[in-house]
Every structure is written in C-alpha cells, then in structure tokens.
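In what follows, a structure is listed as structure tokens, so that the remarks can point back to it.
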Amino acid sequence: MRLEENNLMTKNILICGGTGLLGPIAGNVLSGQFSVRIHGKSKKADCQGNLISYAETEALLNKEMPDVILNLVALTNVDTCEEDLQLAYNLNVEIPKNLALWCKKNKSLLIQISTDHIYNSAYASEEDVNLVNNYALTKLAGEASVLMVDGMVLRTNFFGRSQTEGRVSFSDWVLKSLKAREPVNLFKDVFFNPLSMKTLSELLAVVINSPHPGVYNLGSREGLSKEDFARTLGDMAGLQHHFAKSVSFADLDLKAARPLDMRMNVEKFELTFEVTLPTLKSEIEGILTSEI
Ligand SMILES: NC(=O)c1ccc[n+]([C@@H]2O[C@H](COP(=O)([O-])OP(=O)(O)OC[C@H]3O[C@@H](n4cnc5c(N)ncnc54)[C@H](OP(=O)(O)O)[C@@H]3O)[C@@H](O)[C@H]2O)c1
C-alpha cells in the first residue's frame, strides 16, 4: 500500500535503528495503531542490515515496502563522533541520505529523529542553530536530504526507563546513582527540555497520522538544568540526593565540547500539530508512574 492510495488502511511503519534506546518504546507505542517492523544492525530484529550501503538499504526496503520510515539510526556517542568524523558522517549523514533516496523513488514518508544538541541558547527556535561539535554538525547535515524529499525532522531529546541492554538513559543513570548514594556530578549550568520516551512515541503517532513536512523542535514546555532534573527526579522517587555534587560544566575536562543550553522553543510543533506539550516536571513524574 502506498500512502496516497488509501490513508484509512493501516500504515506500515519501519523503525530503522529500532534496537537502540528509543526504538523499543517507540515500537511498543506505535504498534497499538500501526503495523510496525523493527530494523537493527547487530542486534536481532524483524529485519537487519547495514544501511551505510545504498545497495543493502534498497534491497531491505524493497522487501519491507514501508509507507513510513522512522529513522533512529545514529552515532549518538558525542566523544566517538569527535574522534571519528568519518563514522559520524556515515551514520548521521549518509544513512538519512540513502533512506531519503529510496523514499523519493517509492513515495514513502521519512521521519528523521534529530537532536537538541544543535542549539546553544535559551529556548532556541528552529533557525537558531549553534554547532559546537561533530555530533551536532553531522546530525544537522543529515537533516538536509530528509527535507528535500518532504520528510519531517524532529529535533528532540528524551529520557525514561531503557528496555535495551547496554543502553542507559539519563534518568536511569540518575536513579541508579542516587540509589547507590554515589557522589555523582550534577551540572548546574547545562539546561535541556526533553520528553519522556513514552510521550515522544505518542507524539510520533500524531505526526504519522497527520504529517506536515518540515523541521520541528519537540520537547517539554519548561526545561530545567541537569542538576534540577536529577534532584526533582530524586525527590519524586523518594531518594536522598544531598551527597550528589553541584558542579559547573567548566569543572570537567571532556573530549568534545558540549552545548550548555539545549532548551528548545516548541511553539511551532504545538501550533502545527494542535497539541499542548507537557512540562518537564510532569514528564519526570510520568516515568515514575508509567508502565513503560
Ligand atoms: N540517546 C539520546 O539521549 C538522544 C538524545 C537526542 C536525540 N537522539 C536521537 O534519537 C535517535 C535515536 O537515538 P538512540 O539513543 O535510540 O540510538 P542508539 O541507542 O544509539 O541506537 C542506534 C541504532 O542504530 C543502529 N545502527 C548503528 N549502526 C548502523 C548501521 N551502520 N546501519 C544500520 N543501523 C545501524 C543500531 O543497531 P544495532 O544496535 O542493532 O547495532 C541501533 O538500533 C538518534 O537519531 C539520536 O541522534 C538521541
């Protein structure tokens, strides 16, 4: 089934890179409404392939024939992106380009998950890009081919309970550290406005049902510093956190530069898709009460 033939029929969604952190939660939520298949590279999945090669990508997609591709493949390790620009380019730029090429030929919709890491100012709008490292540079470059085929780019960040062995979210790390009473460093001067993976996945269903091509910031309404996020999560989970250290980003010596303020202005998404996004505090509460 192609998209324009019959929108009332169930859409086939292929989640590329669905074996990572976000993929299992997105797959779980979206399978309530759509026919969902999960792609992975090294981990077992409904289908597998190295999407750096266009020939391999084309063969896999010709078999799957998705109406919608949700691309979650990325090199997300910021320090590895700094050390190996070629690998970052292959995963963050070449793969979206390969998927876009196939989508153009087959009239499928491409949804690319991008990042808040391309910003560095309070409540940045979509045009306020400020790149400080290779991860940001390659993720932004990867967006171009998606937009050229009328796809959707969602710049976001997320947290929540990981269902993937070997992948830990920021909130998983906070809860584990506080439970173990470790004197971890919490940044008082790094700000963000992520969504829980569950809410983000529910919003993916909204955009799949009513696509509007373009680039959108997708986060919670009111952000927090990473320190306030961690202490709020600790309070809501009934965990002590006085032993965690309040530090400045400048106190640490990391390989790659990081943006200090990744808070996004989310008005364009709210107006276009006619939704009111939740606050970060309500999202933190949500991960403690939700099943996923
Ligand atoms: N994690 C975050 O906190 C965060 C924040 C903001 C934005 N994002 C964005 O959100 C998206 C999803 O992130 P995530 O954390 O869920 O990713 P992730 O856990 O790093 O997963 C990456 C996925 O890419 C697949 N992959 C790796 N190399 C591949 C290749 N050559 N060909 C095909 N597939 C390949 C992996 O497959 P295997 O595991 O099977 O090998 C895995 O499914 C990314 O676009 C990321 O930039 C993430």
Between GLY18, GLY49, GLY223, where does the largest GNM mean-square fluctuation fall for the chain, given springs only between Cα atoms within less than 10 Å?
GLY49
Which of the listed residues, PRO211, ASN77, VAL36, is farthest toward the dipole's positive end in the chain, when Lys, Arg count +1 and Asp, Glu count -1 at the beta-carbon?
VAL36
Using only the C-alpha atoms of the range 132-257, find the volume of their convex hull and express it per residue in Å³.
140
Among ASP235, ASP116, ASP253, which one moves the most in a GNM of the chain with springs linking Cα atoms closer than 10 Å?
ASP253
Set the Förster distance to 22 Å, then compute FRET efficiency between LEU85 and PHE249 from the Cβ-Cβ distance, nearest 0.05.
0.45
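So, with +1 on the Cβ of K and R and -1 on the Cβ of D and E, and no other charges, what is the size of the charge dipole of the range 84-225 about its Cα centre, to the nearest 20 debye?
Numbers: 14 positive and 14 negative charges, 87 e Å.
Its charge dipole is roughly 420 debye.
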Bridge orientation stat for the chain from DSSP, antiparallel percent rounded to 5, came to 10
Honestly the range 47-144 on the Cα gyration tensor test (a ≥ b ≥ c root eigenvalues; a/c under 1.5 rounded, otherwise a/b vs b/c for prolate or oblate) is just oblate
Magnitude of the Cβ-charge dipole (Lys and Arg +1, Asp and Glu -1) of the range 158-236 about the Cα centre, nearest 20 debye, reported as 160
Hey, could you grab the Kirkwood Rh for the chain? Inverse mean 1/r over distinct alpha carbon pairs, Å, one decimal.
19.5
Can you tell me the dipole magnitude for the chain around its Cα centre, using point charges on the Cβ only (Lys, Arg +1; Asp, Glu -1), in Debye to the nearest 20?
640
Separation of the range 23-82 and the range 205-227 by C-alpha centroid, Å?
20
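Rounded to the nearest 500, what is the 222 nm mean residue ellipticity of the chain from helices alone, with -39500 (n - 2.57) per DSSP H run of 4+ residues and division by all residues?
Rounded to the nearest 500, the figure is -11000 deg cm²/dmol.
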Between ASN62 and GLU222, the two model label points (7 Å from Cα along the beta-carbon direction) sit apart by a distance in nm of 5.5
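Take the Cβ-Cβ distance between SER53 and HIS242 as r, set R0 to 41 Å, and report the resulting FRET efficiency rounded to the nearest 0.05.
Details: r = 52 Å, r/R0 = 1.27.
It comes to 0.20.
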If the cut-off is a Cα-Cα distance under 14 Å, which aspartates and glutamates reach LYS255, setting aside same-chain residues fewer than 8 apart in sequence?
ASP79, GLU82, GLU83, ASP84
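Every number in this text was worked out from the coordinates using simple rules, so none of it is lab data. This is a predicted model, so every value here is computed, not measured. We place every Cβ from the backbone using ideal geometry, glycine too, and count neighbours over all the protein chains shown.
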